[in-house]
Each structure stands twice: as C-alpha cells, then as structure tokens.
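Down below is the structure, laid out as structure tokens.
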Amino acid sequence: MKLTHPLPLSLIAGSLAVITSFVMHAGAQDRPAPALSAGLETAIFAGGCFWCVEADFDKLDGVVETISGYTGGATVNPTYKTHSRQGHLEAVKVTYDPAKVDYATLVSYFVRHIDPTDAGGQFCDRGNSYTSAIFVNSAAERAAVDAEFSEIEANNHLPAPIVTAVRDETPFYAAERYHQDYYLKNATRYRFYRNGCGRDRQIDAVWGAEAHS
C-alpha cells in the first residue's frame, strides 16, 4: 500500500518555517568541517530535512557530532539556494565513536527514523534533494546496509519495498551556520516545522512498534 502524504496545510506550515529562517539568516557563511579526532569515524545519511536527521542522531549514544550539509551532486560548494538544482541532497555527516556504537547500529537507527518506502522525498518535503540515501565509503559499509535492508524486507517490517538509495560517498559540504543545531537554536520554529510536516506521525504509521527504535 502507498501511504498518503501530509495535507497541503502541513506543507505550508513546514515551508513557512524554512522560509522564515532563510530570510532571517541570508548570507550566512559555510561552517568549516572539523578535523576528525583519532579513533572516531564518520557516516553520511540523507533522510529529508537535515534539521530533523541531525536532531535524531544527536540522541543516539556514541554519536559525537552531527553536521548538516549537502552531498550527491555534480558541483562543488553548493549552498542552500543552489543545492537542489545542482543535484545535491540534504544530508548529515555523523561523527561517531565505534567503541560505543557500530555502523550497523547507525544504519538500523537511521532507517527507522525515516520513511524508506518513499521515492519522492520525505514527508512534506518533496523532490530529489529530500530523497533518502545512505552514502557508503567501503565494501563493509555497503554490506552492512544490504544486510539491514534484507532483514527488514525478509521480515515484512514495512508496507512497501525499500527505495532508500545506497550510494558511494561523494564530497560532503557543510551547510550554512544557521542550519547547524537548528533544532536547538530555534527550538520553537523547529517544533512547528516538524509537527506541521507530519514526520513523526508518518514514521509511526510506516514502522508501527519499531518506529524510532
């Protein structure tokens, strides 16, 4: 079965939050990527609005840092204004401590915080830049993703096939400063957007008891 997407009113609510934030913070500079500390690793996930993906991963024990950004396109130095037409996806680079959380757990956690059956975007955000993907940088990472997806489909966890792409990692560009930790710095606007977009309601509908696990 194909789940229905949020009503236009929800789309308007979410869009207003995005537009308001952009107008208030136009011209913000890109955030430089920090050096990776010894023993830490990174993973890149695209799951629609990067504010939400960042907020979700920050709750997971073993995650050290999350950075919102753009990846997957053919151009360099994309911005919030240009990334969509340049083929980039909104994504989050997750820095994690493999002594506390392994890559397979990150994948399992990520996929249960999105709708992996939606090929047209995520929730009220539509279009290629909001589609879901996991960017892998090794055969081991690809194998971990394939194993997770196979287990999910073998046990009929979802109402439709998984369409989340598994792509080779491409250069990641940090988004403008105002996008980083948006859910903390603009908590009211963030809650308004997330609720209006129907993200958690649809995750619950898709995953049932496994939602957000």
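The values are calculated or read from the model by the stated rules, or taken from the named source; none is laboratory data. Here the structure is a predicted model, which is why all the values come from computation and not from measurement. Note: ideal-geometry Cβ built from the backbone for every residue, glycine included; neighbour counts use all protein chains shown.
General observations
- Qualifying residue in segment 125-135 (condition: touching a residue at least 60 places away in the same chain (Cβ under 8 Å), over 22 Å from His83 (Cα atoms) and either of a type in the set (Lys, Arg) or assigned to a loop (DSSP other than H, G, I, E, B) (or both)): no
- Qualifying residue in segment 136-155 (condition: in a loop (DSSP other than H, G, I, E, B) and buried (at least 22 other Cβ atoms within 10 Å of the Cβ)): no
- Candidates Asp146, Asp204, filtered to the one that is more than 16 Å from the chain's Cα centre (by Cα), closer than 16 Å to Gly48 by Cβ and free of Cβ contacts under 8 Å to residues at least 60 places away in the same chain: Asp204
- For segment 63-85, a residue qualifies if it is of a type in the set (A, V, I, L, M, F, W, C), in a loop (DSSP other than H, G, I, E, B) and in contact with a Leu (Cβ under 9 Å, 6 or more places away or on another chain), but none of them does.
- When segment 42-89 is filtered for residues that are aromatic (Phe, Trp, Tyr) and surrounded by 22 or more Cβ atoms within 10 Å (Cβ to Cβ), the ones remaining, listed by number, are Phe45, Phe50, Trp51, Phe57, Tyr70.
Here's the yes/no breakdown for (1) farther than 18 Å from Gly198 by Cβ; (2) at pLDDT 95 or above:
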position: Val107; (1), (2): yes, yes
position: Phe123; (1), (2): no, yes
position: Ala140; (1), (2): yes, yes
position: Ala144; (1), (2): yes, yes
position: Asn156; (1), (2): yes, no
position: Pro161; (1), (2): yes, yes
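- Matching residues in segment 162-199 - criterion: being over 18 Å from Phe45 (Cα atoms) and surrounded by fewer than 18 Cβ atoms within 10 Å (Cβ to Cβ): Arg177, Leu184, Lys185, Ala187, Thr188, Arg191, Phe192, Asn195
- Filtered by the rule that a residue be of a type in the set (Asp, Glu) and part of a strand (DSSP E or B), segment 156-191 gives Asp168, Glu176.
- Filter result for the condition that a residue is within 14 Å of the chain's Cα centre (by Cα) and among the acidic types (Asp, Glu), over Asp125, Asp97, Asp61: Asp125
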